[in-house]
Amino acid sequence: ITNMARRASRTPSSNKGFTIVELLIVIVVIAILAAITVVAYNGIQNSAKNTATQSAVKQVQKLVEAYAAKTGSYPSTGGLSRVYTDSGCALNADSDGQETAEWVPGLSIVSAGPLPQSNFQGTGRNGEGGCYAYASDGTVYIISAWNAKYGGPSVDGLYRRLGFREASNFGGNLYYCNHVGAIGGIIGGSYNPANDFYKHSYIVSNVTNCDETPPAGA
């Protein structure tokens with residue numbers, strides 16, 4: 001039998017395509033990989049934004065300390081019961097506070113540049129948004145990116161249990177030392193980190209007399 005005859009006698013193989021099940025498996029795998037990519041990308045973005053916010057808070061602290069070195073006291077808002085927030089603040093300040101671009105008063109004597117202004121939509125507890133905040137009586141100060149953390153509650157940096165009030169009644173209220181209840185994450189007697197404003201914020205302060213032991217479960 002010639003080679004040609006042998007080739008002709010062979011049964012041609014059929015060209016099979018993908019079955020519906022195989023196509024569905026491919027689609028599911030692609031969807032899973034896409035979801036993983038989106039989550040990883042969002043995590044990287046949140047980390048970068050949070051790092052920038054922490055850097056801004058630390059820089060303001062340096063200016064506040066430079067002001068004190070120059071004048072003998074810290075920039076005062078008129079007392080710890082008066083909270084200044086930046087001009088882009090997403091929270092509701094009451095009449096005793098002040099929403100202003102110069103949310104730490106008087107720093108122009110040590111810096112010619114503007115203070116950071118917030119753009120924290122979607123941050124913090126329940127995505128309520130936050131802002132930069134400052135209060136001082138000239139001796140004690142609290143500087144915060146309050147409710148301004150992206151990506152949920154954590155203690156990844158500048159975590160202190162000092163701060164202000166919940167978003168619905170913010171500004172013009174003295175800071176709270178380790179407040180339990182709605183600010184500290186305890187609602188209805190049980191602690192939930194998702195409700196803990198301290199874990200959604202970045203805070204620096206020279207306060208040394210506050211017992212900042214977190215509640216059980218924090």
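The values are calculated or read from the model by the stated rules, or taken from the named source; none is laboratory data. For clarity, every value in this text was computed on a predicted model and none was experimentally measured. Here the Cβ is made from the backbone with ideal geometry for all residues, glycine too, and neighbour counts use every protein chain on show. Just the protein is used for accessible areas: all its heavy atoms, side chains included, with ligands, DNA and RNA removed. Shrake-Rupley method; radii C 1.70, N 1.55, O 1.52, S 1.80 Å.
Below are the figures for this structure:
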item	result
Test: residue in segment 122-130 that is more than 26 Å from ALA48 (Cβ to Cβ) and in contact with a helix residue (DSSP H, G or I) (Cβ under 9 Å, 6 or more places away or on another chain)	no
Residue pairs meeting the criteria (Cβ under 7 Å; at least 6 apart or on separate chains; first farther than 15 Å from PRO214 by Cβ, in segment 175-190; second assigned to a loop (DSSP other than H, G, I, E, B) and of a type outside the set (Gly, Ala, Ser))	TYR175/PHE164; ALA182/GLU166
Members of segment 127-139 that are touching a residue at least 40 places away in the same chain (Cβ under 8 Å) and either within 19 Å of TYR198 (Cα to Cα) or surrounded by 19 or more Cβ atoms within 10 Å (Cβ to Cβ) (or both)	GLY130, CYS131, TYR132, ALA133, TYR134, ALA135, SER136
Evaluation of ALA31 against (1) open to solvent by 80 Å² or more (accessible area, probe 1.4 Å); (2) modelled with pLDDT under 65; (3) of a type outside the set (Lys, Arg); (4) not in a loop (DSSP other than H, G, I, E, B) (one fails), failing number	(1)
Number of positions in segment 59-109 that are among the acidic types (Asp, Glu) and open to solvent by less than 60 Å² (accessible area, probe 1.4 Å)	2
Unique residue being more than 24 Å from ALA68 (Cα to Cα) and not aliphatic (A, V, I, L, M) when the list is SER144, SER205, SER154	SER154
Subset of segment 174-208 (residues that are at pLDDT below 85 and surrounded by fewer than 19 Cβ atoms within 10 Å (Cβ to Cβ))	LEU174
Test set (1) within 18 Å of PRO215 (Cα to Cα); (2) aliphatic (A, V, I, L, M); (3) buried (at least 24 other Cβ atoms within 10 Å of the Cβ) - VAL155 fails condition number	(3)
Residue match in segment 109-120 (condition: of a type in the set (Val, Ile, Thr), in contact (Cβ under 8 Å) with a residue 12 or more places away in the chain and under 19 Å from ARG82 (Cβ atoms))	no
Residues of segment 60-106 classified as assigned to a helix (DSSP H, G or I) and in contact (Cβ under 8 Å) with a residue 12 or more places away in the chain, total	8
Subset of segment 107-146 that is assigned to a loop (DSSP other than H, G, I, E, B) and charged (D, E, K, R) - its residue that is nearest to SER205 (Cα to Cα)	ASP137
Segment 117-126: number of residues that are open to solvent by 40 Å² or more (accessible area, probe 1.4 Å) and not polar (S, T, N, Q)	1
